[in-house]
1. Name the residues in segment 128-157 that are exposed (fewer than 11 other Cβ atoms within 10 Å of the Cβ), farther than 20 Å from LEU38 by Cβ and basic (Lys, Arg), would you?
2. Inspect segment 351-363 for any residue being at pLDDT 95 or above, in contact with a strand residue (DSSP E or B) (Cβ under 8 Å, 6 or more places away or on another chain), farther than 23 Å from VAL125 by Cβ and among the β-branched types (Val, Ile, Thr) and give the result as yes or no.
3. Kindly indicate which of VAL261, VAL221 is crowded, with 20+ Cβ neighbours inside 10 Å, β-branched (Val, Ile, Thr) and out of contact with any helix residue (DSSP H, G or I) (no Cβ under 8 Å at 6 or more places or on another chain).
4. Could you tell me which of the residues ALA78, ALA64, ALA68 is more than 17 Å from ARG37 (Cβ to Cβ), out of contact with any helix residue (DSSP H, G or I) (no Cβ under 8 Å at 6 or more places or on another chain) and assigned to a helix (DSSP H, G or I)?
5. If a residue has to be over 18 Å from the mean Cα position of the chain (by Cα), buried (at least 18 other Cβ atoms within 10 Å of the Cβ) and within 18 Å of ALA94 (Cβ to Cβ) to count, how many in segment 158-206 make the cut?
6. Output the residue which, of all residues in segment 3-21 that are in contact (Cβ under 8 Å) with a residue 40 or more places away in the chain and more than 21 Å from ASP122 (Cβ to Cβ), is surrounded by the fewest Cβ atoms within 10 Å (Cβ to Cβ).
7. So PRO290 fits all but one of (1) surrounded by 14 or more Cβ atoms within 10 Å (Cβ to Cβ); (2) modelled with pLDDT of 95 or more; what number is the exception?
Amino acid sequence: MVYIHGGGFRVVSGSEGFFDGEALAKQGVIVVTFNYRLGAFGFFAHPELTRESDRHASGNYGLADQIAALRWVQKNIAAFGGDPKRITIFGQSAGADSVCYLLASPLTKGLYIHAIAESIVDCFVSPEEETRLPAAEQAGGKLLSDAKVSSLAELRAMSAADLLKVSGQTTFRPIIDGYILPASPYSIFFHGDENRVDLIAGSNRDEGTLLGGRFPGQASVFVEQMREKYGERADAFLKVFPANSDAQSKDSNYALWRDEVAVQARIATSQITSFGKVKAFRYYFSHKPPIPRGMFREQATHELGAFHSAELEYVFHNLDTRPYDWSDEDRRLADTMSAYWVNFAKSGNPNGSGLPYWPDTDARNDVLMEFGDKLQAHPGIDKAALDFLESSLAKQHVRE
């Protein structure tokens, strides 16, 4: 099981304590974590770099690191007792986006047989939100300007610390570079050109409480922003995410975060099962961890609930890496989720002895397993909202 950490492609590392794989390894798998280049070091594109490349591409060095890590694992894992033909990739947040990008990349074919994506945030987005090589190169030119240098040679002469200081507030992410990502991930999945493997994908009930959301504080501003974003479909949007008062728009803001992440999982699982004989399993994490007050700055203004990344300690069965008041219920949930993940890595199916049955999903049944106060399989959440978001995205790509 090869884990790809999150952190918005700019922070975190594979050595965080709650990514420790010991508890999973005790269930009969080998867990590998690794680091990849982040920020400007991982996703800086520039015309000079593109010209230097025999692939005529630049900007996806972080994804290249991930692919190199998978190749290393495939080549070397037998020396650690592993099976190079039975590799599962899994990741959360930017790591889940990475899983999605690796599924879309032709360079990863044959490097893994299963994939798990926990809270995909930005893999399937509108054409306007995607970054393609020319735009990324233009942004790269701004970095040179910010660094007050005029060439790559001068930029390379800077210390890493100075470059990090200059680029720290700039967003660098994977791009459609024509090589690692030859096209939009949405288009690749839509046409069935992704690496089709068994997949688990899901999201959390309160994704937006830590991510922050785009809530402006006033219903009128929220409505204005959404009318600008959705244009002629804005009235339909406001029917599923109403904003008739400031309080209602706040609720809709958090619902929008929840559903925008949930729809990514639904697209991934429905599309990957539309072509070829693979199975997909969808989940929804709604359990509220017992977080003491003051652990996160966001708690000063709102409850976190089942926040973005809250499932990780349960998946890795590493509850005691956090100073929370864990209950027997929490420990049972960690037993269950880690067992599902390990079973899936072993066989492509999360089900096993003593576990509640988790049915597979596709575009027709839209079923998921909820990890909440009860473990139960049921139809997907907030269908009207997810239908709207998915159809809106599809219409935008058709126009493109």
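1. Passing the criteria: only LYS148.
2. No, that holds for no residue.
3. After applying the criteria, what remains is VAL261.
4. Being more than 17 Å from ARG37 (Cβ to Cβ), out of contact with any helix residue (DSSP H, G or I) (no Cβ under 8 Å at 6 or more places or on another chain) and assigned to a helix (DSSP H, G or I) holds for just one of ALA78, ALA64, ALA68, which is ALA78.
5. Residues flagged as over 18 Å from the mean Cα position of the chain (by Cα), buried (at least 18 other Cβ atoms within 10 Å of the Cβ) and within 18 Å of ALA94 (Cβ to Cβ) within segment 158-206 amount to 2.
6. GLY17
7. (1)
Residue-by-condition table, conditions (1) touching a residue at least 60 places away in the same chain (Cβ under 8 Å); (2) surrounded by 22 or more Cβ atoms within 10 Å (Cβ to Cβ); (3) of a type in the set (Ser, Thr, Tyr):
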residue	(1), (2), (3)
GLN74	no, no, no
PHE80	no, no, no
PHE90	yes, yes, no
GLY95	yes, yes, no
SER105	yes, yes, yes
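The values are calculated or read from the model by the stated rules, or taken from the named source; none is laboratory data. This is a predicted model, so every value here is computed, not measured. Here the Cβ is made from the backbone with ideal geometry for all residues, glycine too, and neighbour counts use every protein chain on show.
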